[in-house]
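Trainee: Input: one structure, supplied below.
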Amino acid sequence: MRRALRIARLTLPMVTVFAVATSSPSLAQCSYPFLSSGVAVYYPPGTVLFPTIVQSTNYWSAVAVRPDPGSDWDLSLNTTATTFPTCVTGTVASSAYGGSAVDVVVGDFNHNAQGTFYARPYLFNGPGGATVEWDDGPDQLVVNGPWISRTTGPADVIECWDVFMDQGRFYYISLLNYGDASLRLLFFQSPSAPYWAGR
């Protein structure tokens, strides 16, 4: 078994993530389509929607937006739906990475309160649309456990796992790619208390 990446002093999880849509409530001109974990939804240029995420599991959760080439979309996650033109308030975390990079917001629901949240993917620059996805577990990586493999498609954006590690120990993690997908492994560590972060 080959191991490549050296990580020191990580306590909790790591991220690489997924999301989906159905119908939703609306407040006048604001629209809040529901996202289902693990299904990606494409937002054409000019789309202004606030995807509703219902977090009901005690695992890490992540939502991500991947822009079309040549565009820059940013992302925030919010606690409250409100009236037009604001539509959402109570930002818990945001991501404005820049360029055509994927923006990601994560939360540690081993410690965060479960509930309903509203993503705000928005076009910062460029002419293109974007793909939004959310993943909320119950996936876990087990230290010294069996290898995990996934098949990804062109719509996939993110997948999220919990991994429990001991502070002060060294861990080795391999990410192997056998195709054309551009993969990244992101690690986030909570302070064993409510935690939100954007990349």
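The values are calculated or read from the model by the stated rules, or taken from the named source; none is laboratory data. Computed from a predicted model, the values in this text were never measured in an experiment. Please note: Cβ atoms are built from the backbone with ideal geometry, for glycine as well, and neighbour counts cover all protein chains shown. The area values use the complete protein model at the heavy-atom level, side chains included, leaving out ligands, DNA and RNA. Shrake-Rupley method; radii C 1.70, N 1.55, O 1.52, S 1.80 Å.
Trainee: Hey, could you check the stretch 134-152 for residues that are among the hydrophobic types (A, V, I, L, M, F, W, C) and not in a loop (DSSP other than H, G, I, E, B) and say which is surrounded by the most Cβ atoms within 10 Å (Cβ to Cβ)?
Mentor: Top of the filtered list is Trp134.
Trainee: If a residue must be in a strand (DSSP E or B) and either at pLDDT below 95 or surrounded by fewer than 20 Cβ atoms within 10 Å (Cβ to Cβ) (or both), how many such residues does the stretch 82-107 contain?
Mentor: Number of matching residues: 6.
Trainee: Kindly provide the set of residues from the stretch 47-81 that are more than 11 Å from Pro121 (Cα to Cα) and either out of contact with any strand residue (DSSP E or B) (no Cβ under 8 Å at 6 or more places or on another chain) or acidic (Asp, Glu) (or both), ordered by number.
Mentor: Ser56, Thr57, Asn58, Asp68, Pro69, Gly70
Trainee: Another question, then. Could you grab the pairs with beta carbons closer than 7 Å, sequence gap of 6+ or different chains, first residue in the stretch 116-137 and at positive phi, second one β-branched (Val, Ile, Thr)?
Mentor: Gly137/Thr57
Trainee: For the stretch 65-101, which residues satisfy the criterion of being within 18 Å of the chain's Cα centre (by Cα) and under 18 Å from Pro44 (Cβ atoms)?
Mentor: Once the filter is applied, which keeps residues that are within 18 Å of the chain's Cα centre (by Cα) and under 18 Å from Pro44 (Cβ atoms), the stretch 65-101 yields Val65, Arg66, Pro67, Asp68, Asp72, Trp73, Asp74, Leu75, Ser100.
Trainee: Output the residues belonging to the stretch 122-133 that are in a strand (DSSP E or B) and open to solvent by 10 Å² or more (accessible area, probe 1.4 Å).
Mentor: The answer is Tyr122, Leu123, Phe124, Asn125, Thr131.
Trainee: Continuing with the same structure: Give the residue that is surrounded by the most Cβ atoms within 10 Å (Cβ to Cβ), with candidates limited to residues of the stretch 48-64 that are closer than 25 Å to Gln140 by Cβ and among the hydrophobic types (A, V, I, L, M, F, W, C).
Mentor: Filtering first and then ranking leaves Val63.
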